[in-house]
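Report on one structure; see the data block that follows.
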Amino acid sequence: MIIAITGTPGVGKTTVSKLLAERLGYEYVNLRDYALENDIGEMKGDELEVEVDELAYNFERDFKGKDVVVDGHLSHFLPADIVIVLRAHPRLVGERLTERGYSKEKIGENVEAELVDVILVEALEENENVIEVDTTGKTPEEVVDEILELIEKGVKKRVGLVDWSEVYDEVIPYLRL
Ligand SMILES: Nc1ncnc2c1ncn2[C@@H]1O[C@H](COP(=O)(O)OP(=O)(O)OP(=O)(O)O)[C@@H](O)[C@H]1O
């Protein structure tokens, strides 16, 4: 089974994906590393720009039928059996990306994306099986337990959990207004 873990940068995809892969005994794939290793896309400054169709085509050829957890903010464009969209309070996204030394522009862009559900909406356009998981206030282990329980129960779709419009006031300092 191909499990795609997606979400805004800083929500915790890498941490959760590695742990989930370990718990399931699945291969872990970082999508950015996969693209770089396979010469897919082009570096523009610090950013890797990829053609999602090319990425999906190559990924399907290499991983179809395998058990893999694929981690990346473009993983919902892959032919996955299930897409897990991790969510986190936009303030946490802002704090984590500030700690990583991202520019104000990049932090604002990502906090805004989390606030208005950009990745969730994209994922729903791409795949029928989308599960949203709110990581706020949970440990990575708790998030993985929640994902495993949903998969074991055969849940294929669960969305509409978070509404960050309620916390808009708390993240104004991060926004590009
Ligand atoms: N419940 C949680 N789930 C995942 N990460 C968490 C959680 N709580 C705290 N964290 C912390 O948040 C940070 C998330 O970083 P991580 O690199 O996993 O995010 P990411 O979404 O993969 O980011 P990027 O897309 O930029 O690589 C880590 O320092 C992790 O320890």
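Worth a mention:
- Filtered residue count, region 1-30, keeping only those that are more than 11 Å from the ligand (Cβ to nearest atom), more than 12 Å from the chain's Cα centre (by Cα) and buried (at least 17 other Cβ atoms within 10 Å of the Cβ): 6
- Matching residues, region 31-44, being surrounded by fewer than 17 Cβ atoms within 10 Å (Cβ to Cβ) and either in a strand (DSSP E or B) or touching a helix residue (DSSP H, G or I) at 6+ places or on another chain (Cβ under 8 Å) (or both): N38, E42, M43, K44
- Verdict on R87 being among the basic types (K, R), within 13 Å of the ligand (Cβ to nearest atom) and in contact with a strand residue (DSSP E or B) (Cβ under 6 Å, 6 or more places away or on another chain): yes
- Unmet criterion (only one of (1) among the acidic types (D, E); (2) within 12 Å of the ligand (Cβ to nearest atom); (3) closer than 22 Å to V118 by Cα) for D33: (3)
- All conditions but one from (1) closer than 25 Å to K156 by Cβ; (2) without any contact (Cβ under 8 Å) to a residue 40 or more places away in the chain; (3) surrounded by fewer than 20 Cβ atoms within 10 Å (Cβ to Cβ) apply to F59; the one that does not is (3).
- Test: V130 is within 14 Å of the ligand (Cβ to nearest atom), closer than 18 Å to V16 by Cβ and in contact with a strand residue (DSSP E or B) (Cβ under 7 Å, 6 or more places away or on another chain): no
- Against the criterion of being assigned to a helix (DSSP H, G or I), within 24 Å of G25 (Cα to Cα), of a type outside the set (A, V, I, L, M, F, W, C) and touching a residue at least 60 places away in the same chain (Cβ under 8 Å), E141 qualifies.
Coordinate-derived values only; no laboratory data. It should be emphasised that the depicted structure is a prediction, and the values quoted were computed from it without experimental measurement. Methodologically, a virtual Cβ is constructed for each residue, glycine included, from the backbone with ideal geometry; neighbour enumeration extends over all protein chains shown.
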